[in-house]
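To keep things clear, I will list the structure first and then write my remarks on it.
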Amino acid sequence: TIGPASSGFGRETGAVFTFGKSKFADNIPSKFWLKNDVPLKIACGDEHTALITENGKLFMFGSNNWDQLGLGSKTMVNKPTCVKALKSENVRLAACGRNHTIVYTSQGNVYSTGGNNEGQLGLADCEERTAFQLVDFSSHGPIKMLAAGSNTSAALTESGTLFMWGDNTEGQIGLGKESSALSPQEVTVGRPVAWVSCGYYHSAFVTVDGSLCAFGERDSGKLGLATGQLDGHRVPQLVKGITDQVTQVACGGGPTVAVTEEDLYTFGLGQFGQLGQGTFIFEARLPRAVDHFRKGRVRQVMCGENHTAVITDNGLLYTFGDGRHGKLGLGEENFTNQFKPTLCPRFLKYNVQAVTCGGCHMLVLAKPRDKSCQEVTLEENDVTEDYLETSYTELLGDTLTSTPATLNSSLSARVRRR
């Protein structure tokens, strides 16, 4: 059962928040809970969304013109709907591409559904599927991570072996001259892989020793490679512009974002601000640190087609990039592009646990902050000048004063002016 915002259940277990063209609640920013279950993981495709619960159930909603929801019909679904065909299994992981979905269960099975014009379902053919179908993968061992691009899929095993399949016209599954792969193929890396991400037409992974490799479409610097490396873009290339060990990477439509212990680096296309480097940085061919996150503050990063979301270690959410349809979560009146990381005031009273970005939507998983937890102090650069007044007015109603404001005893937010 899906609970509306007005119902009381599930408040302590966390809610799912929707922004942009999510197809949920007429695309108005909303939140929902699950009755008798807890949302655990979320994944967005171009226009559809997957949600996994603590009990291992899979809920799908959004566009469905290629059967990417796996519900047996092409009808668009505007509220989370349980995939009954997988109820007997415990769904653990999900990834959504432009028009396909792949999932992994605790029974060790991989299933896929939806569009398959490039073999992205991994079923050894190019026929689309209307419901989740078993992929021949079990012999490769247990999986720790899934990823999906426009027409690509990736599975990373517990032992660090990377398999990819689907479209390789740009080299985005790292298989060299092959134009596509219709079933999972091992990508030659030479050492175990710790993290993988698929963008629209490029991909990247991080090895266990913290090296970052990128491959696929080489336009606009999105691979972060030196000029001499670009000819080899159809196989994984080492990104040399980051000296520290990389811990995670996210690929979008135009940008690539890499996280190290100390910094967050962006490179690629940034015409909407999705690099977070400031107003006039429309493209960065080599990795460049984002000033705002120079304190080792990043817990998770996600990229959509043209927008980026970052969760910091204290559970705050920042977004930047294309603001159309309100997908940055910055309020119903603020649809402008953001060229620097911008705090989402909506979540000041929440601990943000997960975020996922699609083509024109964003989903956030967040719990109310524990009353006993430590204060969250905002630095001056956390709140942009033009934002300060409206954000705090919205949070505090008519109680806005010039003195530091306290929010509902659970949170104190101060803006320090130096």
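The values are calculated or read from the model by the stated rules, or taken from the named source; none is laboratory data. Every value quoted in this text rests on a predicted model; they were computed, and no experiment measured them. No Cβ is skipped: glycine too gets one built from the backbone with ideal geometry, and neighbour counts run over all protein chains shown.
Output the number of the condition that Gln245 fails; it satisfies all remaining conditions of (1) in contact with a Lys or Arg (Cβ under 9 Å, 6 or more places away or on another chain); (2) farther than 30 Å from Ala25 by Cβ.
(1)
Scan the range 263-303 residue by residue and report those that are touching a Lys or Arg at 6+ places or on another chain (Cβ under 7 Å) and not in a strand (DSSP E or B).
Asp263, Gly276, Gln277, Gly278, His292
Anything in the range 180-204 that is touching a residue at least 12 places away in the same chain (Cβ under 8 Å) and in a loop (DSSP other than H, G, I, E, B)? List them, or say none.
Val187, Thr188, Val189, Arg191, Pro192, Gly199, Tyr200, Tyr201
Could you identify the single residue in Leu93, Leu146, Leu123, Leu162 that is touching a Phe, Trp or Tyr at 6+ places or on another chain (Cβ under 7 Å), of a type in the set (A, V, I, L, M) and farther than 30 Å from Asp231 by Cα? Steps first, please.
Values: Leu146 fails: farther than 30 Å from Asp231 by Cα; Leu123 fails: touching a Phe, Trp or Tyr at 6+ places or on another chain (Cβ under 7 Å); Leu162 fails: farther than 30 Å from Asp231 by Cα.
Among Leu93, Leu146, Leu123, Leu162, only Leu93 is touching a Phe, Trp or Tyr at 6+ places or on another chain (Cβ under 7 Å), of a type in the set (A, V, I, L, M) and farther than 30 Å from Asp231 by Cα.
Take Leu286 and tell me if it is among the hydrophobic types (A, V, I, L, M, F, W, C), over 20 Å from Gln172 (Cα atoms) and in contact with a strand residue (DSSP E or B) (Cβ under 8 Å, 6 or more places away or on another chain).
On the way: among the hydrophobic types (A, V, I, L, M, F, W, C): yes; over 20 Å from Gln172 (Cα atoms): no; in contact with a strand residue (DSSP E or B) (Cβ under 8 Å, 6 or more places away or on another chain): yes.
Judged against the criteria, Leu286 is not a match.
Could you tell me how many of the residues in the range 136-155 are farther than 16 Å from Gly97 by Cα and assigned to a strand (DSSP E or B)?
Count: 2.
Just to check your reading of the model, which residue among Leu286, Leu328, Leu317 is buried (at least 24 other Cβ atoms within 10 Å of the Cβ) and touching a residue at least 60 places away in the same chain (Cβ under 8 Å)?
Leu328
Given the residues Val249, Val259, which is the only one that is farther than 24 Å from Asn168 by Cβ, in a strand (DSSP E or B) and touching a residue at least 40 places away in the same chain (Cβ under 8 Å)?
Val259
Checking Asp291 against (1) at pLDDT below 95; (2) farther than 27 Å from Gly224 by Cβ, which single condition isn't satisfied?
(2)
I need a count of the residues in the range 19-55 that are assigned to a helix (DSSP H, G or I) and either farther than 21 Å from Arg324 by Cβ or touching a His at 6+ places or on another chain (Cβ under 6 Å) (or both).
Summing the residues that are assigned to a helix (DSSP H, G or I) and either farther than 21 Å from Arg324 by Cβ or touching a His at 6+ places or on another chain (Cβ under 6 Å) (or both) in the range 19-55 gives 0.
Has the range 154-167 got at least one residue that is β-branched (Val, Ile, Thr), under 21 Å from Thr113 (Cα atoms) and in contact with a Gly (Cβ under 6 Å, 6 or more places away or on another chain)?
The answer is yes, given that some residue of the range 154-167 is β-branched (Val, Ile, Thr), under 21 Å from Thr113 (Cα atoms) and in contact with a Gly (Cβ under 6 Å, 6 or more places away or on another chain).
From Val257, Val239, Val196, Val249, which residue is more than 20 Å from the chain's Cα centre (by Cα), of a type in the set (Val, Ile, Thr) and surrounded by 24 or more Cβ atoms within 10 Å (Cβ to Cβ)?
On the way: Val257 fails: more than 20 Å from the chain's Cα centre (by Cα); Val196 fails: more than 20 Å from the chain's Cα centre (by Cα); Val249 fails: more than 20 Å from the chain's Cα centre (by Cα).
Matching residue, one of Val257, Val239, Val196, Val249: Val239.
For residues that are within 17 Å of Gly20 (Cα to Cα), of a type in the set (Val, Ile, Thr) and under 17 Å from the mean Cα position of the chain (by Cα), tally how many sit in the range 42-99.
2
Given the structure, is Lys222 touching a Cys at 6+ places or on another chain (Cβ under 9 Å), among the charged types (D, E, K, R) and either surrounded by fewer than 16 Cβ atoms within 10 Å (Cβ to Cβ) or on the phi < 0 side of the Ramachandran plot (or both)?
The answer is yes for Lys222.
Which is surrounded by fewer than 22 Cβ atoms within 10 Å (Cβ to Cβ), modelled with pLDDT under 95 and assigned to a loop (DSSP other than H, G, I, E, B), of Glu333, Glu394?
Checking each option against the conditions leaves just Glu333.
Would you mind stating whether Thr266 is farther than 19 Å from Ala154 by Cβ, out of contact with any helix residue (DSSP H, G or I) (no Cβ under 8 Å at 6 or more places or on another chain) and modelled with pLDDT under 95?
No.
For the subset of the range 29-42 comprising residues that are within 25 Å of Gly331 (Cβ to Cβ) and of a type in the set (A, V, I, L, M, F, W, C), which member is surrounded by the fewest Cβ atoms within 10 Å (Cβ to Cβ)?
Phe32
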